[in-house]
Amino acid sequence: MKPKPEKRKKNLIRLFSDSSYRLLSEFLTDSPNRKIEEQKRKNQTMIDQLKLAALKDSLVVLQIQPQRDVLKFETISGWLSIKTITENSVMVRTPEDRLLMIKVETIKKMTSLAPDGKRKSISR
C-alpha cells in the first residue's frame with residue numbers, strides 16, 4: 001500500500017518541526033559547552049593514564065585515529081617520556097628508536113604493560 005498524501009505531508013511536517021525544536025533546544029541549552037567539557041575530561045583522563053604509564057616505564061600500545069580519516073586506525077607501540085607529556089601531545093619512543101609526537105585527541109585506546117606484568121587498558 002502506498003502512503004496517503006496526507007500522511008506523507010504529516011510526516012514531513014513532523015520531521016521539520018522536530019528538527020526545528022531540536023535546533024532551538026540545542027541553541028538554548030549549553031550542550032556544546034557540555035560536549036567541550038566532556039572532551040576535556042576525557043583528554044585529562046587519558047593524560048593521567050599516560051603519565052602513570054611513563055612513571056612506571058610501561059610499554060604502551062596506542063590506537064590512534066588520524067583526524068582526516070574516520071575509518072582508518074593506526075597502532076603504535078613504544079615507551080613514553082614523562083617530560084614530553086603535555087596537555088596536547090605525547091612523545092613515544094618506538095622499539096626502532098624512532099620518536100613520534102602524537103596528539104592526545106587522536107588517541108582512541110591505550111593499553112599499557114608494566115614491567116611487573118600488570119596490564120591496564122583505557123579507551124574513549
What FRET efficiency comes out for Leu100 versus Asp18 if R0 is 35 angstrom and r is the Cβ-Cβ distance? Round to the nearest 0.05.
0.15
Can you work out ³J(HN,Hα) from phi for every residue in the range 51-61, in order, using Karplus 6.51 cos²θ - 1.76 cosθ + 1.60 and θ = phi - 60°, giving whole Hz and x for Gly and Pro?
5, 5, 5, 5, 5, 7, 6, 7, 6, 10, 10
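Read-outs: derived from the displayed coordinates by stated rules, not from any lab. Computed from a prediction, not measured in an experiment: that's the story for all the values here. Positions of Cβ are generated from backbone atoms using ideal geometry, with glycine treated the same way; all protein chains shown enter the neighbour counts.
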